[in-house]
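Each remark here refers to the structure printed beneath this line.
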């Protein structure tokens, strides 16, 4: 009787062990990819990073050998650091890659201890980059750059300490010497804008595309484009920081960069890079980008991306104490 | 002291220590951050102490028991009813064991083992019946989630999963 | 406007449209009934599948899921005392005792009816409000939020069952739990004990599942009952559901109040369905002539809870559609779905995509109808669950709870949290601490703090902002009144008894 019980248990265990075994180790490089690849989004579903990934992934997988699947995995938390750390520590076999928010996670790492090191990762590409701009609510009465510089007791709205808007706001405030305060704690950029329309605050510093739809609806007015070296084609009438003499502002950009864990073999990251850039230029994505007002691209080589990131590090390092 | 009252005291003390820890930790934060915790924590702490005093001091009970809907009298009668009570310790341990099993062996295997143990001890089923039904349930879980929903349940520390 | 409605109708009533709405509804029903999984988790699973589909049809799938899950959640709430989703918690309080009395069919009938009609009600209000929605939403600034939340907290704690002091303690603990982790507003990290897990704070679902589901499993195990239903189950033609249908009309004022509360609370972003169903329930108790019958299987309790939790969707659509600001977590995912399909949410939505808005409204209404109809059809079968041996029920609850909690964000430690709160919940129930203030305290605590600090930031640090705006002042007065009134009432009552 006793032997029978034990035997039964062992059989059970073996059966289930068999079922659990679902990670065959890939034999040669030519077999790559032979199972689904995971794209980690370090934010919750429905957010800016998430939707771009979900739009690009199905197109990107067509450009992969054997049309391997790409699965989006949301690992939310710690302002994006949880997802980034997950990817950083994942097996460097080319089956996991992830997103990061530059300058967000980068700047945080300048002054706090983090478990990732961007100088060691394998960059795959940049999904979207665009300059950050300062928008003012129409309710505030601020219409131009000069208006803003003249207004006392300015308030920025931001999504909580450490969020993109917060970093941008403090960065802008320090460089422009606005002596503004920051009303923070909103749950996301949409809520901040709602707060602005209500009158909680006057300004918000976000990516151009995040605020653009509110310009057409008449709720926001673009005041100054922070990042970049010349005027942005989307906002041709808005001055850019550098032309007003604030060249430090040029680092005010947002990059949604994609990377693989350190040590991922070059052939595999190349396959991913090529697929990504092809997808970004695919007409379906171009159309989607236009329809949904989401910035995709420009396509950057790894060298260009590295340079851009280094510029950002230099630009923000000067003010890093603001972000502790 | 009556058994139920003793259990109540332990529970109150548990809450008391929790709140005490919270309040003490709160003092280490800067004023803005500790405002809300202290504002809520200190009154709650006082109320717990108050409740303990009142509960075990029958004279005060009548005065302080503010019961809008006279419902606590109903709950009291319910708790005196059951004649035979299972062991809380046993079942809690079982649930925690299930967590440990999932942690080490993954969902499918952990669930099967947990069910197996549960059926054997609580339901007093025969070995055969317990093992078969738990294996089926575990397998079903795996099928529905990992295969059907393409949703990767944790594989367990021992099989290379990362928590 | 009319052609937008007509265009939406054509999409909905096409074969594909009907199919997708119904599919989504069934999916929502099933997932809603599984504790921990429901609602948002179910929606997220659909996102990748719908990319590339015609956006209109994809939207029908989403609202299908949204329409099915509240009723699905009430099924497990009534039959197992385990709310399938947090918004069904109050349904347990009276729905489950009804099931124990063998009246599960009636309770399910109430839920199906109240859910469906509640949703209709809120959608009608939604359409009516749209023209002035902008003004309403803009009227709520941080000081208003803070006062509303304070009022809500006070009301719920006041009317919690049992000893009021224990209610306060419960609420206090709930609020403290919400403060764990990184604080968005002050930038400080509290009680994280150095771990990254606690840095993010404790999520609602593990606490909720622990306190309601796991503790229930423990209770069942310890009580050594044979089956859930203690008396022979009534199996009439529809399993008693028709009786339930009639009950909703008997308590029509409770229903209307519940739907109204659900809709209004749904409009306030971030607060949502959890608060709505509790608030509706406690309001029903307050206004009833026999408050002591609640919690013993009073059908009015189920009416109150279920009418509110479906109504919240109509309310949540308001800020979503008018401003592109999600009124609830499901709405946030819906917005993500919009963007995925190339639609731009935001103020332009009403102007450029009115037909889509109508698809959402009509789809939601239809899905609720399907869910409730299915409910009626399945009652006879569902009711049998109360006759199943407890030795299958208990492990099912535990397994589903653990799996559901894990599925939420793939975090293993959430399961441990659920297990711990299972124990806490068990202790609370055994020793007379009401659970509702714990959950409400948790849901509202962090938001209250945020609104408070934000108000100060907006006013450059001056406290006067709370006292110079009309709405906050009114709410403050109401709060103070509701805090002290019961003291006097209770003293009068006991004096009268003597």
**Q.** Largest-first principal axis extents, alpha carbons of region A:211-287, Å
**A.** 46, 32, 18
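Write down the percent of antiparallel bridges among all DSSP beta bridges whose residues are both part of chain A, to the nearest 5.
Numbers: 23 of 37 bridges.
Rounded to the nearest five, the antiparallel share is 60 percent.
Which of rounded, prolate or oblate describes region C:1-99 when judged by the alpha-carbon gyration tensor and an a/c cut-off of 1.5? It would help to have the intermediate numbers written out before the result.
On the way: a/c = 3.18, a/b = 2.03, b/c = 1.57.
Prolate, since a/c reaches 1.5 and a/b exceeds b/c.
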Q. For region C:184-315, what is the Kirkwood estimate of the hydrodynamic radius, computed as the reciprocal of the mean inverse distance between distinct Cα atoms, to one decimal in Å?
A. 17.9 Å
**Q.** Helix axis angle, A:48-60 relative to chain A longest principal axis, alpha carbon, degrees
**A.** 50 degrees
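With all pairs of different alpha carbon atoms counted, what Kirkwood hydrodynamic radius in Å does the protein assembly as shown show?
Values: mean 1/r = 0.0340 Å⁻¹.
By the Kirkwood definition, the hydrodynamic radius is 29.4 Å.
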Q. Points 7 angstrom from Cα along the Cβ direction at residue A:247 and residue B:90: gap in nanometres?
A. 7.9 nm
Q. Which whole number gives the average, over all residues in C:169-177, of C-beta atoms from other chains lying within 10 Å of the residue C-beta?
A. 6
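Mind checking the full-extension length gain between residue C:256 and residue C:392? Use 0.36 nm per residue of separation minus the Cα-Cα distance, one decimal, nm. Walk me through the intermediate numbers first.
Details: separation 136, 0.36 × 136 = 48.96 nm, distance 3.85 nm.
Gain in length upon complete extension: 45.1 nm.
With a ≥ b ≥ c the root eigenvalues of the C-alpha gyration tensor of chain C, is it rounded (a/c under 1.5), prolate (a/b larger than b/c) or oblate?
Note, shape of chain C comes out rounded.
Looking only at other chains, what is the average number of their beta-carbon atoms within 10 angstrom of each beta-carbon in C:184-197?
Working: counts 12, 9, 12, 10, 7, 2, 9, 6, 1, 1, 0, 0, 6, 4.
Per-residue shielding by partner chains comes out at 6.
Kindly rank C:383-391, C:53-61 from highest to lowest mean number of other beta carbons found within 10 Å of each residue.
Working: C:383-391: 18.0, C:53-61: 21.7.
Answer by packing, highest mean first, reads C:53-61, C:383-391.
Could you list C:94, A:293 in order of exposure, starting from the residue whose Cβ has the fewest other Cβ atoms within 10 Å? Could you put the intermediate results ahead of the total?
On the way: C:94 27, A:293 19.
In increasing order of surrounding Cβ atoms, one gets A:293, C:94.
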Q.
Binning at 10 angstrom from zero up to the longest distance, how are the C-alpha pair distances of region A:130-251 distributed in percent?
A. 15, 53, 31, 1
Q) How long, wide and thick is region C:95-207, going by the Cα atoms along their three principal axes, in whole angstroms, largest first? A) 50, 46, 30
Q. Distance in nm between label sites at residue B:6 and residue C:246, each 7 Å beyond Cα in the beta-carbon direction?
A. 5.2 nm
Q: May I ask for the equivalent-ellipsoid semi-axes of region A:52-162, computed as the square root of five times each C-alpha gyration tensor eigenvalue and listed largest first in whole Å?
A: 36, 19, 12
Q. Just for the Cα atoms in region B:88-159, what are the lengths along the principal axes, largest first, rounded to whole Å?
A. 35, 24, 19
Q: Taking all pairs of distinct Cα atoms, average 1/r, flip it, and tell me the Kirkwood hydrodynamic radius of region C:31-79 in Å to one decimal place.
A: 11.2 Å
Q.
Within a 10 angstrom radius of the beta carbon, how do C:413, A:123 rank from fewest other beta carbons to most?
A. C:413, A:123
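Computed FRET efficiency, Cβ-Cβ of residue A:278 and residue C:296, R0 56 Å: what is it to the nearest 0.05? Walk me through the numbers before you get to the answer.
Working: r = 66 Å, r/R0 = 1.18.
Efficiency, rounded to the nearest 0.05: 0.30.
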Q: Take every Cα-Cα distance within region A:103-178, group them into 10 Å bins from 0 onward, and report for each bin the whole-number percent of pairs it holds.
A: 14, 40, 28, 13, 5
Q: In vacuum, with every alpha carbon of region A:47-109 counted as one equal point scatterer, what does the Debye formula give for log10 I(q)/I(0) at q = 0.20 Å⁻¹? Two decimals, please.
A: -0.88
Q: Set the Förster distance to 22 Å, then compute FRET efficiency between residue A:149 and residue A:321 from the Cβ-Cβ distance, nearest 0.05.
A: 0.40
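Return the calculated 222 nm mean residue ellipticity for chain C, to the nearest 500 deg cm²/dmol, obtained by summing -39500 (n - 2.57) across DSSP H runs with n ≥ 4 and dividing by the residue count. Don't skip to the end; give the middle numbers.
On the way: 23 runs with 375 residues, N = 498.
So the calculated ellipticity at 222 nm is -25000 deg cm²/dmol.
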Q) Rounded if a/c is under 1.5, else prolate if a/b is larger than b/c, else oblate: which is region C:379-433, with a ≥ b ≥ c the root eigenvalues of its Cα gyration tensor? A) oblate
Q.
Which log10 I(q)/I(0) values does region C:375-495 give at q = 0.13, 0.19, 0.20 Å⁻¹ under the Debye formula, counting every alpha carbon as one identical point scatterer?
A. -0.93, -1.14, -1.20
Q: Find the all-direction average of the projected area of the Cα convex hull for chain A, expressing the result in square nanometres with one decimal place.
A: 20.4 nm²
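If r is the Cβ-Cβ distance from residue C:16 to residue C:471 and R0 is 51 Å, what FRET efficiency results, to the nearest 0.05?
Values: r = 46 Å, r/R0 = 0.90.
Calculated transfer efficiency: 0.65.
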Q: Would you mind ranking B:119, B:90, C:71, C:208 so that the residue whose beta carbon has the fewest other beta carbons within 10 Å leads the list?
A: B:90, B:119, C:208, C:71
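Of all DSSP beta bridges in the protein assembly as shown, what percent run antiparallel (nearest 5)? Before the final figure, lay out the partial values.
Values: 26 of 40 bridges.
Among the beta bridges of the protein assembly as shown, antiparallel pairing accounts for roughly 65 percent.
Peptide C:286-292: average number of partner chain Cβ atoms within 10 Å per residue? Could the numbers behind the result be given before it?
Values: counts 2, 0, 1, 0, 1, 4, 6.
The mean count of partner-chain Cβ atoms within 10 Å per residue comes to 2.
No lab work stands behind these numbers, since they all come straight from the coordinates. Computed from a predicted model, the values in this text were never measured in an experiment. With ideal geometry, Cβ positions are generated from the backbone for all residues, glycine too; neighbour counts draw on all protein chains shown.
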